[in-house]
Amino acid sequence: MSYVIVQGHSMEPTFHDGDLVLAKSSAGYKRGDIIAFRVGGEFNDPAMVIHRIVGGNGSKGFVTKGDNRPRTDPWNPKTSNVVGRAVFHIPYAGSIANDIRQPWALAMLGAGVVVADGTRRRRRRRAAVRRRDSALPSYISWHPAPPEAQ
């Protein structure tokens, strides 16, 4: 399983910008499948593209096209370039995942963990004091001696 965060509008109305798509590798792909692939080759692009197969084959190269594009793509990925077939998608989850990777979001997440841990420790200390106090027998109590006894 791999994931792809959709960027752009080439796959609308199937997928929208910011959607998170899960892609599962398969032994074979056919016309109509939506595949995630690395462009590679002469384009040497490390990014993944998610488009629909409209022709070709895995050995000579698939012909792909975005659902919202009038023409086919300029590249022809082979089976070795395909990461997987789209099997599940979560609308806008990719945008949230991108936001979480930002430095400000990581700092807020870290601060939240510190605050949550601090409140948990205070609760545990209070509970330990209550357990200790309730464990004392009721007839044992400490009172300072009255002033006239001194």
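Bear in mind these aren't lab numbers, they're just calculated from the coordinates by the rules spelled out. A quick note: this is a predicted structure, and the numbers were derived from the prediction, not measured. Neighbour counts run over all protein chains shown; Cβ positions are idealised from the backbone, glycine included.
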### Message
Show me the ranking of peptides 75-81, 90-96, 33-39 by mean Cβ neighbours inside 10 Å, starting with the highest.
### Response
33-39, 75-81, 90-96
### Message
Testing the spin-label approximation: label points 7 Å from Cα along Cα→Cβ at ASP67 and MET108. State their distance in nm.
### Response
3.1 nm
#### Entry: Proxy reagent accessibility, fewest Cβ within 10 Å first, across THR64, THR14
THR14, THR64
### Estimated inter-spin distance, ARG101 and HIS16, nm [label 7 Å along Cα→Cβ]
2.1 nm
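Please report, in debye to the nearest 20, how large the charge dipole of the stretch 2-98 is about its Cα centre when each Lys and Arg carries +1 at its beta carbon and each Asp and Glu carries -1 there.
That gives a dipole near 440 debye.
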